[in-house]
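What follows is a set of notes on a single structure, which appears directly below.
The values are calculated or read from the model by the stated rules, or taken from the named source; none is laboratory data. Values in this document were obtained by computation on a predicted structure and should not be read as measured data. Here the Cβ is made from the backbone with ideal geometry for all residues, glycine too, and neighbour counts use every protein chain on show. Just the protein is used for accessible areas: all its heavy atoms, side chains included, with ligands, DNA and RNA removed. Shrake-Rupley method; radii C 1.70, N 1.55, O 1.52, S 1.80 Å.
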Amino acid sequence: MKSSLLALVATAGTMGAHSSGVANQAATKPNIVFFLTDDQDQMLGGSFPTHGDATPMPKTNELLAANGATFTNMFVHTPICNPSRSETLTGRMFHNLKQTGQFGPSIWGMHVNETKVFDHSFVRSLKEDAGYATGHFGKYLNIMPSDFDLGAPAGYDAWLANPGGDYIAPSFDTEGVEDLGYPDGSWDGTSDDYSTAIIGNVSVAWIRKVVTEDPTRPFFAYVAPKAAHEPFMPAPWYADAWDPSWPSTEPRDNPAWNASYDSRSDHPSDIASNPLLTDTAATLIADIFKNRWRTLMSVDDVISAVYTECESLGVVDNTYFLFTSDHGFQLGQFNMVMDKRRVYDWDTRVHLLVAGPGIVPGSIIEQPVMNIDVAPTILELAGITEITADLADFDGHSVAPLLLKDHALALETAESWRDTVFFEYYYVNDNPKCVQNCTTEYNYPDEESECGDLSVQPNEACWGGCDVECYPTESTQNNFIAVRKMDSTGTLYVEYQNGTQNTGLEFDAVDFFELYETTSDEWHIDNVYAKVVGADAARISSLSDEVHAWYGCAGSTCP
């Protein structure tokens, strides 16, 4: 496979004084690089802060975590791809982006009205309000502008984008990268091409080009590999990689993994009824866990390669690097084989690392933040004080005062920052994962494979093409609004309403509730709603009022 990053990542430096390279950007606006992974869990040990020393991303740990700030309470507003990414781009909550029915040719619009997203992202402001060179490399949204015969959205100079696509033989919509070898229109790879490597190589080449052409012009690069999304295809050069110090399985020493029927009886719908995990399912989950880490090894290479290129160009000291995921993941929790979509911490809690000028290396930030805070943060880091680009008001808030050691509003912001985050989700499809009677043959690395054991041909331990021993991911009851509080008990309060946003749903006929005290119940086992509603009805009423206030907020009215 020719699309390897190995030649790019021979060395990786650390943040400090760097005088080599072509650029002297000390007097210019900072460059900004935003790395966004897919489905990268935090609670299960796959990201940051690391669980002990084990990590598939040691270079990122050194370059960004040790050299920058780690947010320990970063959450996504919606735990599924397309809404979360739309929220990150616009800084807006789901209820301000949703529509009744589907947008585009498939269910994968997931109820987002993308006309509110395509031409209305923070990237447009970077270009139009601050003169940034802008490039997007990798996954954009699950519904693409090209689905409507549109080109790159307003605000992008360079565009190598897809809806996630394939790890092997990937395809991309392309614009403004012809001089890097990708003609305008589209580009189709072969089985020799690995998606993460393509994305990394083009990102590095584009940064080198824009800095060389005009060292005084700041750049913004949005770098978004598919990893660690299903079907979890590692690069062939990492297919067998496994450090002996790494865990042999996903975390199983907790009450949520392969939970008993009794422990799930007060949980919603399909969670209460899911079967126990069989040995076949458990083996598949362990294989998936390992392959997810292997995909992240390539992301680690990309982050290191981009950072190293900025060093060699002499711009690293004037560059901010942000790294997060669109949501978390589950691997056996409440007997769901895999996926996301749930309100629980393993699906909503993600990492956020930020390194760059003015940030204290190794700092820890505990205030609760959301992905809707990314857009206003990036624009503040870019020095944009007035937005003239066609953007709606942000629902999120800039975390720059929490990040920068000399920020004029640091103390005031820290004292007044919210203590709560808000979740909102609408059912997409049942998405059962079956592990027996598998009739489809897969042959990695020549093609994508929906199997866990990639070491044999055809591959084994599959979930693709199977129809027996099935574990649903969600049902039509999985529409929810919720608040997660950083109070002494770690309150998670959830309201559900059965139905579908395909016909409209406004949480005006709520029919199921959850309440967890996560400080003492980390794995969300004991739903205390029934007990508390009888003993402290005022508390429940206050929580319900709060969650509906969040649901109705927009712009400056959002906490």
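Only one of ALA392, ALA408 is under 16 Å from THR88 (Cβ atoms), more than 19 Å from the chain's Cα centre (by Cα) and outside any helix (DSSP H, G or I). Can you tell me which?
ALA392 is the lone residue from the list that is under 16 Å from THR88 (Cβ atoms), more than 19 Å from the chain's Cα centre (by Cα) and outside any helix (DSSP H, G or I).
In this structure, is ASP179 at pLDDT 95 or above, surrounded by fewer than 19 Cβ atoms within 10 Å (Cβ to Cβ) and within 29 Å of GLU450 (Cα to Cα)?
Working: at pLDDT 95 or above: yes; surrounded by fewer than 19 Cβ atoms within 10 Å (Cβ to Cβ): yes; within 29 Å of GLU450 (Cα to Cα): no.
In short, no.
Select from segment 180-207 the residues that are closer than 17 Å to GLU309 by Cβ and not small (Gly, Ala, Ser) and list them in ascending order.
LEU180, THR196, ILE198, ILE199, ASN201, VAL202, VAL204, TRP206, ILE207
Tell me the strands (runs of 3 or more DSSP E) entirely within segment 124-211 that contain at least 2 residues that are of a type in the set (D, E, K, R). Before the answer, list the steps.
Details: elements: 133-139, 158-162, 171-175, 185-188.
Of the strands (runs of 3 or more DSSP E) lying wholly inside segment 124-211, those with at least 2 residues that are of a type in the set (D, E, K, R) span 171-175.
Which one is nearest to ARG341 (Cα to Cα), of the residues in segment 466-490 that are in a loop (DSSP other than H, G, I, E, B) and among the acidic types (Asp, Glu)?
Here is the first cut: in segment 466-490, the residues in a loop (DSSP other than H, G, I, E, B) are 466-467, 472-479, 486-490.
So of that shortlist, the ones also among the acidic types (Asp, Glu) come out as 467, 474, 487.
Values: ASP467: 22, GLU474: 8, ASP487: 24 Å.
The qualifying residue nearest to ARG341 (Cα to Cα) is GLU474.
List every residue pair whose Cβ atoms sit under 8 Å apart, with the two residues 6 or more apart in sequence or on different chains, where the first one lies in segment 413-441 and is farther than 30 Å from GLN477 by Cβ and the second, anywhere, is assigned to a helix (DSSP H, G or I) and modelled with pLDDT of 95 or more.
As it stands, the answer is THR413/PRO401; THR413/LEU402; ALA414/PRO401; ALA414/LEU402; TRP417/LEU402, since those pairs meet every condition given.
Let me spell it out: the conditions are (1) part of a loop (DSSP other than H, G, I, E, B); (2) farther than 30 Å from GLY499 by Cα; (3) not acidic (Asp, Glu), and HIS267 meets all of them except one. Which number is the exception?
The one condition HIS267 does not meet is (2).
Select from segment 208-227 the residues that are touching a helix residue (DSSP H, G or I) at 6+ places or on another chain (Cβ under 8 Å) and within 19 Å of PHE122 (Cβ to Cβ) and write down the one among them that is most open to solvent (accessible area, probe 1.4 Å).
Selected residue: ARG217.
Could you tell me which of the residues LYS433, LYS405 is basic (Lys, Arg), open to solvent by 10 Å² or more (accessible area, probe 1.4 Å) and within 30 Å of PHE507 (Cβ to Cβ)? Before you say what the answer is, go through the steps one by one.
Numbers: LYS405 fails: within 30 Å of PHE507 (Cβ to Cβ).
Checking each option against the conditions leaves just LYS433.
Can VAL316 be described as at negative phi, touching a residue at least 12 places away in the same chain (Cβ under 8 Å), β-branched (Val, Ile, Thr) and out of contact with any strand residue (DSSP E or B) (no Cβ under 8 Å at 6 or more places or on another chain)? Explain how you work it out, then say what you get.
Details: at negative phi: yes; touching a residue at least 12 places away in the same chain (Cβ under 8 Å): yes; β-branched (Val, Ile, Thr): yes; out of contact with any strand residue (DSSP E or B) (no Cβ under 8 Å at 6 or more places or on another chain): yes.
Spelling it out, VAL316 is indeed at negative phi, touching a residue at least 12 places away in the same chain (Cβ under 8 Å), β-branched (Val, Ile, Thr) and out of contact with any strand residue (DSSP E or B) (no Cβ under 8 Å at 6 or more places or on another chain).
Show the residue pairs that are 6+ apart or on different chains and have beta-carbon atoms under 9 Å apart, the first residue being within segment 468-483 and under 11 Å from ILE271 (Cα atoms) and touching a residue at least 40 places away in the same chain (Cβ under 8 Å), the second being in a strand (DSSP E or B) and open to solvent by 40 Å² or more (accessible area, probe 1.4 Å).
GLN477/PHE512
Provide a single number: the residues in segment 318-356 that are of a type in the set (Asp, Glu) and surrounded by 24 or more Cβ atoms within 10 Å (Cβ to Cβ). Break it down stepwise before answering.
Initially, segment 318-356 is screened for residues of a type in the set (Asp, Glu), giving 326, 339, 345, 347.
So of that shortlist, the ones also surrounded by 24 or more Cβ atoms within 10 Å (Cβ to Cβ) come out as 326, 347.
Residues flagged as of a type in the set (Asp, Glu) and surrounded by 24 or more Cβ atoms within 10 Å (Cβ to Cβ) within segment 318-356 amount to 2.
Within segment 228-236, identify whether any single residue is crowded, with 16+ Cβ neighbours inside 10 Å and under 30 Å from TYR132 (Cβ atoms), and answer yes or no.
Yes; the residues of segment 228-236 include at least one that is crowded, with 16+ Cβ neighbours inside 10 Å and under 30 Å from TYR132 (Cβ atoms).
Residues of segment 258-268 being over 17 Å from MET338 (Cα atoms), touching a residue at least 40 places away in the same chain (Cβ under 8 Å) and open to solvent by 10 Å² or more (accessible area, probe 1.4 Å), which ones?
Selection gives SER263, ASP266.
Here are the criteria: (1) within 27 Å of THR348 (Cα to Cα); (2) open to solvent by 10 Å² or more (accessible area, probe 1.4 Å); (3) touching a residue at least 40 places away in the same chain (Cβ under 8 Å). Tell me which single one PHE118 does not satisfy.
(3)
Hey, among THR385, THR440, which residue is over 22 Å from the mean Cα position of the chain (by Cα) and open to solvent by 70 Å² or more (accessible area, probe 1.4 Å)?
On the way: THR440 fails: open to solvent by 70 Å² or more (accessible area, probe 1.4 Å).
Residue meeting the stated conditions: THR385.
Return the total of residues in segment 237-250 being in contact (Cβ under 8 Å) with a residue 60 or more places away in the chain, part of a loop (DSSP other than H, G, I, E, B) and open to solvent by 20 Å² or more (accessible area, probe 1.4 Å). Working first, answer last.
Initially, segment 237-250 is screened for residues in contact (Cβ under 8 Å) with a residue 60 or more places away in the chain, giving 237-240, 243, 245-247, 250.
The next check asks that each one be part of a loop (DSSP other than H, G, I, E, B); those that pass are 239-240, 243, 245-247, 250.
Applying the additional criterion that residues be open to solvent by 20 Å² or more (accessible area, probe 1.4 Å) yields 239-240, 243, 245-247.
Total meeting the criteria: 6.
Hey, can you tell me all the residues within segment 357-378 that are of a type in the set (A, V, I, L, M), buried (at least 22 other Cβ atoms within 10 Å of the Cβ) and over 21 Å from ASP317 (Cβ atoms)?
VAL369, MET370, ILE372, VAL374, ALA375
What residue, of TYR427, TYR442, TYR493, is in a strand (DSSP E or B) and at pLDDT 95 or above? Give the steps one after another, and end with the answer.
Values: TYR427 fails: in a strand (DSSP E or B); TYR442 fails: in a strand (DSSP E or B).
Result of the check over TYR427, TYR442, TYR493: TYR493.
Could you check segment 56-87 and list, in sequence order, the residues that are part of a helix (DSSP H, G or I) and either of a type in the set (Ser, Thr, Tyr) or open to solvent by 10 Å² or more (accessible area, probe 1.4 Å) (or both)? Even if it seems obvious, please write down each step before you answer.
Taking segment 56-87 as the starting set, the residues that turn out to be part of a helix (DSSP H, G or I) are 58-65, 81-87.
Once the filter is applied, which keeps residues that are part of a helix (DSSP H, G or I) and either of a type in the set (Ser, Thr, Tyr) or open to solvent by 10 Å² or more (accessible area, probe 1.4 Å) (or both), segment 56-87 yields PRO58, LYS59, THR60, ASN61, GLU62, ALA65, SER84, SER86.
Please enumerate the residues belonging to segment 272-292 that are among the aliphatic types (A, V, I, L, M) and surrounded by 17 or more Cβ atoms within 10 Å (Cβ to Cβ). Reasoning before the result, please.
Step one: list which residues in segment 272-292 are among the aliphatic types (A, V, I, L, M), which gives 272, 276-277, 281-282, 284-286, 288.
The answer is LEU277, ALA281, ALA282, LEU284, ILE285, ALA286, ILE288.
For the condition surrounded by 21 or more Cβ atoms within 10 Å (Cβ to Cβ) and polar (S, T, N, Q), what is the one hit in ASN502, ASN478?
Details: ASN502 fails: surrounded by 21 or more Cβ atoms within 10 Å (Cβ to Cβ).
From the options ASN502, ASN478, the qualifying one is ASN478.
Taking only pairs six or more apart or across chains, which ones have beta-carbon atoms under 6 Å, a first residue in segment 53-74 that is within 30 Å of ASP419 (Cα to Cα) and hydroxyl-bearing (Ser, Thr, Tyr), and a second residue that is open to solvent by 10 Å² or more (accessible area, probe 1.4 Å) and not in a strand (DSSP E or B)?
THR55/ASN61; THR70/PRO49; THR72/GLU366
Is there any pair with a first residue in segment 332-357 that is farther than 19 Å from THR88 by Cα and a second that is of a type in the set (Lys, Arg) whose Cβ atoms are under 7 Å apart and which are 6 or more apart or on different chains, and what are they?
Pairs that qualify, where the first residue is farther than 19 Å from THR88 by Cα and the partner is of a type in the set (Lys, Arg), are PHE334/ARG264; VAL337/LYS433; MET338/LYS433.
Just checking, how many residues over segment 505-536 are open to solvent by 60 Å² or more (accessible area, probe 1.4 Å), outside any loop (DSSP other than H, G, I, E, B) and out of contact with any Asp or Glu (no Cβ under 9 Å at 6 or more places or on another chain)?
Number satisfying all stated conditions: 3.
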